[in-house]
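Below: the structure, in structure tokens.
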């Protein structure tokens, strides 16, 4: 009887440690989120509520988060590491842009429900993202519209920043390619 009790106590203890580790991660994520534009106007309790709708995912370098041609069923907020947006032309990948912590990706296909035109690829070991599925987003819109509105605003700002980065890179490339004197 004592052995069985010890085994149960050990399992309970191990389960408690796992729960404690998850709580530590949640606290770390709450800390991370509190520094993001998305959460600037949210109270600490609202940040915790937002985290309940998100799933922490981990990727190795080279892992594909989302592929060309897929309809976006999730948004991704980079917590750690880097993610590239790449196009595939004639079996060769070309990196469009690389994003790091705090950036949101997968926005266009998520909202317009059209197939992705780029691939999202982890470019650093131990890349971590917070994933918001479409189902959880729809629940958030109904249950916590203020938080959902903040998320949409953050998505628009990220999309604008991404467009500006790509436009600037294209302008620099065109300037290099065609030279200064060309009109």
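The values are calculated or read from the model by the stated rules, or taken from the named source; none is laboratory data. The structure presented is a predicted model; accordingly, all values stated were derived computationally and were not measured. Don't worry about glycine lacking a Cβ; one is built from the backbone with ideal geometry, like all the others, and counts go over all protein chains shown.
Exactly one of (1) under 11 Å from the mean Cα position of the chain (by Cα); (2) closer than 15 Å to residue 107 by Cα is unmet by residue 56. Its number?
(2)
Among the residues of the range 41-99, what is the count of those that are out of contact with any strand residue (DSSP E or B) (no Cβ under 8 Å at 6 or more places or on another chain), within 23 Å of residue 149 (Cα to Cα) and assigned to a loop (DSSP other than H, G, I, E, B)?
3
Give me a count of the residues in the range 100-125 that are exposed (fewer than 14 other Cβ atoms within 10 Å of the Cβ), outside any strand (DSSP E or B) and in contact with a strand residue (DSSP E or B) (Cβ under 8 Å, 6 or more places away or on another chain). Break it down stepwise before answering.
Going residue by residue through the range 100-125, those that are exposed (fewer than 14 other Cβ atoms within 10 Å of the Cβ) are 112-115, 117, 125.
Subsequent filtering for residues that are outside any strand (DSSP E or B) retains 112-114, 117, 125.
If we keep only those that are in contact with a strand residue (DSSP E or B) (Cβ under 8 Å, 6 or more places away or on another chain) as well, we get 113-114, 117.
Here the count works out to 3.
Buried (at least 18 other Cβ atoms within 10 Å of the Cβ), modelled with pLDDT of 95 or more and assigned to a helix (DSSP H, G or I), is that true of residue 136?
Values: buried (at least 18 other Cβ atoms within 10 Å of the Cβ): no; modelled with pLDDT of 95 or more: yes; assigned to a helix (DSSP H, G or I): yes.
When the stated conditions are applied, residue 136 does not pass them.
Could you list, in sequence order, the residues of the range 99-142 that are at positive phi and under 14 Å from the mean Cα position of the chain (by Cα)?
Selection gives 102, 106, 126.
Can you tell me which residue is farthest from residue 160 (Cα to Cα) among those in the range 35-46 that are modelled with pLDDT under 90 and either surrounded by 13 or more Cβ atoms within 10 Å (Cβ to Cβ) or out of contact with any helix residue (DSSP H, G or I) (no Cβ under 9 Å at 6 or more places or on another chain) (or both)?
Filtering the range 35-46 for residues that are modelled with pLDDT under 90 and either surrounded by 13 or more Cβ atoms within 10 Å (Cβ to Cβ) or out of contact with any helix residue (DSSP H, G or I) (no Cβ under 9 Å at 6 or more places or on another chain) (or both), the one farthest from residue 160 (Cα to Cα) comes out as 35.
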